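Colleague: Following this message is one structure expressed as structure tokens.
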Amino acid sequence: MESAHLRLEVLEERHISEICSEIGLDQEVFRWLNFAPPTSLDDLAKVLRGYIAETKEGDRVAHAVIVKASGVAVGTTSFIDLNSQHNSLEIGSTFYAKKYWRSFVNTECKILMLSEAFDHRGVERVTIKTDALNQRSRTAILRLGATFEGVLRHHMKRADGTWRDSAYFSILKSEWPMVRAGLLAKLALNRIE
């Protein structure tokens, strides 16, 4: 998948060192993710290798997020909870190097992922969820044009053993044209070169 400034490639071993180098061990990047924050780049590499293994097993489709201008992988995002019976999937396990937060990266990445989901895979529903306490992520998901559906209380355990409430959002196939138009308008206003 490719846009003006990004390329998404299926995550492979060759991407791991770049992602680790770009993200480093900034604990703010990992604070809300569903794995123990890495204490070394080897820990982060193990997480990414786990995503690669799950992709090979068919449980997810993990992607490296590559900025075309530099050719460097700056993060990852995945299709997870692939549900052919209900024609739905989730976009998740998304994290980028902090210097790309609030930049074109998330908007272009989500356009690519949502286009793949709705236009090529023909899904009816895309779910996006986050820790209910992660206000930055909740705001970003709403900016995409997703609809807030509610909070599942004590939905899963965090890596530290505490209970996480998960905030759920969705985009339906019928909403995708309007969501896409909104995302493209946001990109046009930023006039990213």
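No value in this document is a laboratory result; all are computed from the given coordinates. What you see is a predicted model; the values in this text were computed from it and never measured. Counting neighbours? That spans all protein chains shown, and the Cβs are built from the backbone with ideal geometry, glycine included.
So that you can scan it fast, the table gives a plain yes or no per residue for (1) in contact with a Cys (Cβ under 6 Å, 6 or more places away or on another chain); (2) under 22 Å from Ser21 (Cα atoms); (3) free of Cβ contacts under 8 Å to residues at least 60 places away in the same chain; (4) β-branched (Val, Ile, Thr):
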position: Gln85; (1), (2), (3), (4): no, no, yes, no
position: Val105; (1), (2), (3), (4): no, yes, no, yes
position: Ile111; (1), (2), (3), (4): no, no, no, yes
position: Gly122; (1), (2), (3), (4): no, no, yes, no
position: Arg125; (1), (2), (3), (4): no, no, yes, no
position: Thr130; (1), (2), (3), (4): no, no, no, yes
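Colleague: Check Ser115, Ser78 and return the single one that is closer than 16 Å to Lys129 by Cα and either surrounded by 13 or more Cβ atoms within 10 Å (Cβ to Cβ) or touching a residue at least 24 places away in the same chain (Cβ under 8 Å) (or both).
Modeller: Details: Ser115 fails: closer than 16 Å to Lys129 by Cα.
Exactly one of Ser115, Ser78 is closer than 16 Å to Lys129 by Cα and either surrounded by 13 or more Cβ atoms within 10 Å (Cβ to Cβ) or touching a residue at least 24 places away in the same chain (Cβ under 8 Å) (or both), namely Ser78.
Colleague: Would you mind listing the strands (runs of 3 or more DSSP E) fully within the stretch 29-103 where at least 3 residues are closer than 19 Å to Arg136 by Cα and within 13 Å of the chain's Cα centre (by Cα)?
Modeller: 72-83, 88-96
Colleague: Among the residues of the stretch 145-193 satisfying the criterion of being of a type in the set (Asp, Glu) and more than 19 Å from the chain's Cα centre (by Cα), which is nearest to Ala4 (Cα to Cα)?
Modeller: If we take residues in the stretch 145-193 being of a type in the set (Asp, Glu) and more than 19 Å from the chain's Cα centre (by Cα), then Glu193 is nearest to Ala4 (Cα to Cα).
Colleague: Just the residues that are assigned to a loop (DSSP other than H, G, I, E, B) and surrounded by fewer than 21 Cβ atoms within 10 Å (Cβ to Cβ), please, taken from the stretch 1-24.
Modeller: Met1, Ser3, Ala4, His5, Glu12, Gly24
Colleague: Among (1) buried (at least 17 other Cβ atoms within 10 Å of the Cβ); (2) more than 22 Å from Glu175 (Cα to Cα); (3) among the acidic types (Asp, Glu), where does Glu57 come up short?
Modeller: Looking at each condition in turn, Glu57 falls short on (1).
Colleague: In the list Val179, Val123, which residue meets the criterion of being crowded, with 17+ Cβ neighbours inside 10 Å and assigned to a loop (DSSP other than H, G, I, E, B)?
Modeller: Val123
Colleague: Got at least one residue in the stretch 42-49 being without any contact (Cβ under 8 Å) to a residue 24 or more places away in the chain, aliphatic (A, V, I, L, M) and touching a Pro at 6+ places or on another chain (Cβ under 9 Å)?
Modeller: Applying the first criterion (without any contact (Cβ under 8 Å) to a residue 24 or more places away in the chain) to the stretch 42-49 yields 42-43, 46-47.
Restricting the remaining residues to those that are aliphatic (A, V, I, L, M) gives 47.
Remaining after also requiring touching a Pro at 6+ places or on another chain (Cβ under 9 Å): 47.
Checked the stretch 42-49: at least one residue is without any contact (Cβ under 8 Å) to a residue 24 or more places away in the chain, aliphatic (A, V, I, L, M) and touching a Pro at 6+ places or on another chain (Cβ under 9 Å).
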